[in-house]
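Nothing in this text is a laboratory measurement; each read-out follows from the coordinates by a stated rule. What you see is a predicted model, and the numbers here were worked out from it, not measured in a lab. Every residue, glycine among them, receives a Cβ derived from its backbone with ideal geometry; neighbour counts consider all protein chains shown.
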C-alpha cells in the first residue's frame, strides 16, 4: 500500500519547481518567457510613473532630445564648428542624441535595479532579470516617439537645397544596432546594480560616468576628427562609437559619418563579454542581496 502511495507521488506533475540556483551562469530564458505578462506590467508601470504628475506628459520624450539637440547645434555645430559640412547640423545632432539617450537612460535605470526595487524583491518571488528587461523595453517606447520626430525632420531637410543626405542600405541594420545598444546598456547596468548592493558610492558616479562616456562617443562631434591620430583605433574600440556612427551613416550618408564593419563586429564582441559578466555578477548577487540592501 505504501509503495503505491510513493508511485502516485512520483507520477505527479508540478507547475512550479523550486530548486537552488547553484550554476555560475544562471539565466533561465524559458522562465523569463513565462513571466512575460509581468514584464509588460512593469513596462506599463515604468512608463506611467515616468510621466506621472507632469503637465506635458509623454511630450517630454521629444522635448528633452530637442533641447539637447538645439544646444549641440548652437555650441558644437555653429560656434565650435565640429559638425561635418554638407549635412544639416540639427538633423546630424538629433540622430546621435536620440539613440545615445536611449542607451544612457537604459543604463542609468537598470543600474538602480536592486536598490530601487528592494521593497518588491522582499515580498514575492519572480525572476529578478524581469526588471532590467522591462526597463529596456520601456525606454523603447520613448525612443519610438523620438524616432518618429527624427524621421519627420530628416524628410523635411532632405529636400532643402544645400544639404546632401543620402541614406544607405545600412538602414536595414537599424534593428540590430538597437538590439546591441539595449544589450550593452543591460550588461553595463546589471554590472553596476550588482556592485551597488555593497558599494553605494557607485550609484553616485553613474550619471557622471555616463556623461564622460558620451563625450568619448561621437555624439557632439564627428568621429573623423580622430582620423589618422595615434588614438584612432583605441577610440573606435568604444562599443558605442561604431553603433552611433553606423546609424548616422545609414541615414545621412558618408559625408556625415563612417561605416567600419570590422569595428562594429568588435563592438558586438565587447557587448557580449560585458553582458556575460553582468549576468554572472547578477546571478551571484541576487541570492544574497537582501542581506546587504
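Legend: ranking of residues 41, 202 from fewest to most surrounding C-beta atoms inside 10 Å; resulting order 41, 202. Given in Å, the Rg to one decimal and the Dmax to the nearest whole number for the Cα atoms of the stretch 49-179 are 18.1, 61.
Under a Gaussian network description of the chain, with springs only between Cα atoms under 10 Å, the residue in 72, 99, 272 that fluctuates furthest is 272.
For the residues 123, 34, 198, a GNM of the chain with alpha-carbon springs under 10 Å puts the largest fluctuation on 123. Any chance you could give the angle, 0 to 90 degrees and rounded to 10, that helix 240-252 forms with the longest Cα principal axis of the chain? On a 0 to 90 degree scale, this one is about 50.
Using alpha carbons only, how many degrees (0 to 90, rounded to 10) separate the axis of helix 89-110 from the longest principal axis of the chain? So the inclination is approximately 20 degrees. Where the centre of each part is set by its Cα atoms, how far does the stretch 236-266 sit from the stretch 81-141, in angstrom? The distance from the Cα centre of the stretch 236-266 to that of the stretch 81-141 comes to 20 Å. Ranked by how many other Cβ atoms sit within 10 Å of their own Cβ, fewest first, the residues 276, 241, 95 fall in the order 276, 241, 95.
Each residue in 232, 245 was given a count of other beta-carbon atoms within 10 angstrom of its own, and listing them fewest first yields 232, 245. Every helix of 4 or more DSSP H residues in the chain counts as -39500 (n - 2.57), and over all residues that averages to -20000 deg cm²/dmol at 222 nm.
Volume of the convex hull of the stretch 57-291 (Cα atoms only), normalised per residue: 131 Å³. Summary value for the stretch 57-291: 30 percent relative contact order, contacts being C-alpha pairs under 8 angstrom separated by 6+ residues.
For the chain, a Gaussian network of Cα nodes joined below 10 Å ranks 261, 239, 127 by mean-square fluctuation, and the top entry is 261.
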